[in-house]
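To start, the structure under review is shown below, and the notes come after it.
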There are 2 protein chains.
Amino acid sequence: MRIPHAVIEAATPGPEGAASVENQPTAATAPGARTRSQLQRRKRIVQAAAALASRGGVEAMQMRTVAERAGVALGTLYRYFPSKMDLVVAVVGEEIDLLESSIQRRPPSAPTASGRAVDVLMRATRGLMREPELADALLRSLIMTEVETPFGDRMAKLLLRVAGEGLTVELATEDQLTLANSLASVWVHELLEMLRGLRTYDQIQHRLEIVSARLLMDF
Amino acid sequence: MRIPHAVIEAATPGPEGAASVENQPTAATAPGARTRSQLQRRKRIVQAAAALASRGGVEAMQMRTVAERAGVALGTLYRYFPSKMDLVVAVVGEEIDLLESSIQRRPPSAPTASGRAVDVLMRATRGLMREPELADALLRSLIMTEVETPFGDRMAKLLLRVAGEGLTVELATEDQLTLANSLASVWVHELLEMLRGLRTYDQIQHRLEIVSARLLMDF
DNA sequence: ACAGAGATTAGACCCTGTTCTACTTTGCGG
DNA sequence: CCGCAAAGTAGAACAGGGTCTAATCTCTGT
């Protein structure tokens, strides 16, 4: 798997870069995507992966199977996604896109920043719960990876946006970012507990309310 | 790896139970440990595992190698620790024990609950940082597992204890537990970011101070 | 239409976690 | 001391992630 690791070495931003969640442009590593069929290939792969993961979790999402379902060779799959993790990250990216557009369609309406944040988180929770296996797979893998445009960061930004109305990442203070980020990581943690059967939906909501009320008290 | 998964099924508390972090008693699964040499074997295994992981991370801690270094057969290793994860959990258990005794020796002295909590967290951070590879391995694996006496929970309890002086898990309110727990998960998250090179020690401290101040404001 | 570069493919291959098998040791009640 | 069940051992075997190779395809520019 080889993740940069260690306090010492900074992320090597070399020509090859690490995994990325980016959605529109070229495939993970494919240098110059001659677009068209390549984008489609990529999409087919991600779809196949999501489909497999959505029933059976990560373990069901085997690289060979994904490749087969997507109608590409294993080698090709690995050209697009250098590791299983990268694939997972891509799948997650789509999920977040979904959440973001959902929020754009129907923005949270609670009166407090904390309320809006919890609203968004719970909405995301419900979305993920529709496919517990997938959710579990994604969350776990994400925590392990979180390279480049990580899950938590995207959620944090989203939270920031809905918490302080009109607040953007650029306008927020360092500390506000920290707080939003922390809320996101608490959420991820709670979600994992839920998937493990240690929390109910209602418990998560309650816990998030408590934590959010404090973290975002003055947003 | 087979982790219970899914919102539906509750953890099966059957006769075989899941992985456990417990330190003194019998080996992970070995039914009736005839103690003596068995405890020693177990210790040798955990030590070998820790040694390997401490330089090279999880990947260096290969089951075959651990078995060899510990002087036991692969099969035996698997009898004691049904999966690599279980081994990791055991190694972590030792680390936490260390932290706990360190805290007993020299309790945090900050005047505020939040201050004491941060103190403990940073002390744990320094401890883990001594062996970044090990820390990374442990944290990642733990997040993935956290079965039975999880890392986060132990930290949460510890935090609770130092935050409210003399406060114990039994005396704490649900919400206080939630908050301590959340602080622990934020810490874990920050630690992972640090290991990934995205945070410096000072940043972590600052961020924890901010978050802790809010989460534990009235402890 | 044609050559060369890059993309794709099928499939062998390696590595490591985990399982399984056949056999030997060990510890203990009778 | 015997017998036996549990525990241990060596090592083969399996599974799935990831790599590599030798073709074959597909563009793209000329």
Which one of these is more than 20 Å from the chain's Cα centre (by Cα), buried (at least 19 other Cβ atoms within 10 Å of the Cβ), modelled with pLDDT of 85 or more and not basic (Lys, Arg): A:203, A:176?
A:176
Suppose we keep only residues that are surrounded by 18 or more Cβ atoms within 10 Å (Cβ to Cβ) and without any contact (Cβ under 8 Å) to a residue 60 or more places away in the chain within segment A:61-80. Which one would you say is nearest to DNA strand D (Cβ to nearest atom)?
A:78
From the residues in segment A:196-214 that are among the β-branched types (Val, Ile, Thr) and facing chain B (nearest Cβ under 8 Å), which one is nearest to residue B:182 (Cα to Cα)?
A:211
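For every residue, the table says whether it meets (1) assigned by TED's automatic domain parsing to the domain that holds residue A:189; (2) of a type in the set (A, V, I, L, M, F, W, C).
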| site | (1), (2) |
| --- | --- |
| A:56 | no, no |
| A:59 | no, no |
| A:69 | no, no |
| A:77 | no, yes |
| A:90 | yes, yes |
| A:103 | yes, yes |
| A:110 | yes, yes |
| A:121 | yes, yes |
| A:130 | yes, no |
Within segment A:81-102, considering residues that are within 15 Å of DNA strand D (Cβ to nearest atom) and of a type in the set (D, E, K, R), the one most open to solvent (accessible area, probe 1.4 Å)
A:84
For segment B:43-55, indicate whether the set of residues that are among the basic types (Lys, Arg), in contact with a Leu (Cβ under 9 Å, 6 or more places away or on another chain) and within 14 Å of chain A (Cβ to nearest Cβ) is non-empty.
yes
Test for residue B:186: is it of a type in the set (A, V, I, L, M, F, W, C), more than 30 Å from residue B:48 (Cβ to Cβ) and open to solvent by less than 20 Å² (accessible area, probe 1.4 Å)
yes
Which listed residue, of B:171, B:208, B:167, B:159, is farther than 15 Å from residue B:112 by Cβ, aliphatic (A, V, I, L, M) and either in the same structural domain as residue B:123 (by TED's automatic domain parsing) or modelled with pLDDT under 95 (or both)
B:171
Taking the conditions exactly as written (open to solvent by less than 20 Å² (accessible area, probe 1.4 Å), free of Cβ contacts under 8 Å to residues at least 60 places away in the same chain, of a type in the set (Asp, Glu) and farther than 19 Å from residue B:211 by Cα), does residue A:193 satisfy them or not?
yes
Complete set of residues in segment A:178-195 that are closer than 14 Å to residue A:113 by Cβ and more than 8 Å from chain B (Cβ to nearest Cβ):
A:180, A:183
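The values are calculated or read from the model by the stated rules, or taken from the named source; none is laboratory data. Model, not experiment: these values are computed from the prediction. With ideal geometry, Cβ positions are generated from the backbone for all residues, glycine too; neighbour counts draw on all protein chains shown. In case anyone asks, the SASA skips ligands and DNA or RNA and just uses the protein heavy atoms, side chains included. Shrake-Rupley method; radii C 1.70, N 1.55, O 1.52, S 1.80 Å.
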